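Student: Just passing along the structure, written as structure tokens.
The values are calculated or read from the model by the stated rules, or taken from the named source; none is laboratory data. Bear in mind that the values here come from a model prediction, so they are computed numbers and not experimental data. Please note: Cβ atoms are built from the backbone with ideal geometry, for glycine as well, and neighbour counts cover all protein chains shown. Heads up: the accessible areas ignore ligands, DNA and RNA and are worked out on the full protein's heavy atoms, side chains in. Shrake-Rupley method; radii C 1.70, N 1.55, O 1.52, S 1.80 Å.
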Amino acid sequence: MTYLTVYTDGEAPETLLATAESGEIAAALKGIDVRLRHWRVAEDLPAGASQEEILKAYREEVDQVVAEEGYTFVDVAQLRPDDSADWPERAAGARRKFLAEHTHDDDEVRFFVDGSGIFYLHTEGRVHAVLCEAGDLLSVPKNTTHWFDMGTSPDFTAIRFFHDDDGWVGDFTGNPIAERIPDFDTITASRPRG
Ligand SMILES: [Fe+2]
């Protein structure tokens, strides 16, 4: 279930809102031009489903978004804890990549097939932390200052949509605000369980 926390962006951030109520979340995100939609979750996907199987299971929804928004490239990003010796390093490296505030010159559009992650959207003196889970499709407009936290034990599968496939780059703002706002582990540990 989606969970939204809104903070002030000053030196000592205050929590303005914390909610799992879909109407409140929709209203808050509409106010900052961020789109959140909910798709049905495919029940018949095996645990180790391949990228092709995942895209096939959501073909109708993916085709619709591609047709509406003109995306030309769609793929699947997946991180899942395993027992390999290099997992801690891979997990930390993946997390670090987009953990500082940045922008992109394309929309950032993600559909969560399973697992979770938090998008932090920094705009107009506020930080909206959107915890996305299975069934959530989030569209962050291009040039929106944001960061993404997958936590210290990343576990998610997400379909990604792009307008081109020449690599996904972030323009980092140098603003250390992400260090002041509660991270993925903190938010997921403290939110009420419905
Ligand atoms: Fe990003």
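Student: Kindly provide the set of residues from the stretch 22-48 that are in contact (Cβ under 8 Å) with a residue 60 or more places away in the chain and either of a type in the set (D, E, K, R) or part of a loop (DSSP other than H, G, I, E, B) (or both), ordered by number.
Tutor: Ile32, Asp33, Val34, Arg35, Arg37, Trp39, Arg40, Val41, Ala42, Leu45
Student: Name the residue, out of Trp168, Trp147, that is outside any loop (DSSP other than H, G, I, E, B) and either in contact with a helix residue (DSSP H, G or I) (Cβ under 6 Å, 6 or more places away or on another chain) or at pLDDT below 95 (or both).
Tutor: On the way: Trp168 fails: outside any loop (DSSP other than H, G, I, E, B).
From the options Trp168, Trp147, the qualifying one is Trp147.
Student: Working only within the stretch 118-144, note down all residues that are at positive phi and either outside any loop (DSSP other than H, G, I, E, B) or within 14 Å of the ligand (Cβ to nearest atom) (or both). Break it down stepwise before answering.
Tutor: If we filter the stretch 118-144 for residues that are at positive phi, which is where we start, we get 124-125, 135, 143.
Residue satisfying the conditions is Asn143 alone.
Student: Please give the number of the condition Ala134 fails out of (1) out of contact with any strand residue (DSSP E or B) (no Cβ under 6 Å at 6 or more places or on another chain); (2) touching a residue at least 40 places away in the same chain (Cβ under 8 Å).
Tutor: Among (1) out of contact with any strand residue (DSSP E or B) (no Cβ under 6 Å at 6 or more places or on another chain); (2) touching a residue at least 40 places away in the same chain (Cβ under 8 Å), Ala134 violates only (1).
Student: State whether one or more residues within the stretch 151-164 are open to solvent by 10 Å² or more (accessible area, probe 1.4 Å), of a type in the set (Lys, Arg), within 13 Å of the ligand (Cβ to nearest atom) and assigned to a loop (DSSP other than H, G, I, E, B).
Tutor: Taking every residue of the stretch 151-164 in turn, none turns out to be open to solvent by 10 Å² or more (accessible area, probe 1.4 Å), of a type in the set (Lys, Arg), within 13 Å of the ligand (Cβ to nearest atom) and assigned to a loop (DSSP other than H, G, I, E, B).
Student: If Glu89 satisfies all but one of (1) part of a strand (DSSP E or B); (2) more than 16 Å from the ligand (Cβ to nearest atom); (3) open to solvent by 40 Å² or more (accessible area, probe 1.4 Å), what's the number of the condition it fails?
Tutor: Of the numbered conditions (1) part of a strand (DSSP E or B); (2) more than 16 Å from the ligand (Cβ to nearest atom); (3) open to solvent by 40 Å² or more (accessible area, probe 1.4 Å), the odd one out for Glu89 is (1).
Student: Now a separate question. Can you spot a residue in the stretch 46-59 that is under 25 Å from Trp147 (Cα atoms), surrounded by 15 or more Cβ atoms within 10 Å (Cβ to Cβ) and at pLDDT 95 or above?
Tutor: No, the stretch 46-59 contains no residue that is under 25 Å from Trp147 (Cα atoms), surrounded by 15 or more Cβ atoms within 10 Å (Cβ to Cβ) and at pLDDT 95 or above.
Student: For the stretch 102-144, what are the residues that are of a type in the set (Val, Ile, Thr) and under 16 Å from Phe161 (Cβ atoms)?
Tutor: Within the stretch 102-144, the first condition is being of a type in the set (Val, Ile, Thr), and the residues that meet it are 103, 109, 113, 118, 123, 127, 130, 140, 144.
Residues satisfying the conditions are Val109, Val113, Val140, Thr144.
Student: Another one. Restricting to the stretch 96-116, name every residue that is part of a strand (DSSP E or B), more than 10 Å from the ligand (Cβ to nearest atom) and open to solvent by 20 Å² or more (accessible area, probe 1.4 Å). Don't jump to the end; show me each part of the working.
Tutor: Of the stretch 96-116, the ones part of a strand (DSSP E or B) are 102-103, 108-115.
So of that shortlist, the ones also more than 10 Å from the ligand (Cβ to nearest atom) come out as 109, 111-115.
Asp114, Gly115, listed by residue number.
Student: Under the condition of being touching a residue at least 12 places away in the same chain (Cβ under 8 Å), more than 14 Å from the ligand (Cβ to nearest atom) and part of a helix (DSSP H, G or I), which residue from the stretch 171-191 is surrounded by the most Cβ atoms within 10 Å (Cβ to Cβ)?
Tutor: So, considering only residues that are touching a residue at least 12 places away in the same chain (Cβ under 8 Å), more than 14 Å from the ligand (Cβ to nearest atom) and part of a helix (DSSP H, G or I), the one surrounded by the most Cβ atoms within 10 Å (Cβ to Cβ) is Phe184.
Student: Across the stretch 1-21, which residue is surrounded by the fewest Cβ atoms within 10 Å (Cβ to Cβ) among those that are in contact with a helix residue (DSSP H, G or I) (Cβ under 8 Å, 6 or more places away or on another chain) and in a strand (DSSP E or B)? Before the answer, list the steps.
Tutor: First, pick out the residues of the stretch 1-21 that are in contact with a helix residue (DSSP H, G or I) (Cβ under 8 Å, 6 or more places away or on another chain): 2-6, 9, 17, 19.
Still in the list and also in a strand (DSSP E or B): 3-6, 17, 19.
Values: Tyr3: 21, Leu4: 22, Thr5: 22, Val6: 21, Leu17: 13, Thr19: 17.
Selected residue: Leu17.
Student: On the basis of being of a type outside the set (A, V, I, L, M, F, W, C) and out of contact with any His (no Cβ under 8 Å at 6 or more places or on another chain), does Asp107 make the cut? If you could, list the steps in order and put the result at the bottom.
Tutor: Details: of a type outside the set (A, V, I, L, M, F, W, C): yes; out of contact with any His (no Cβ under 8 Å at 6 or more places or on another chain): no.
No: the conditions fail for Asp107.
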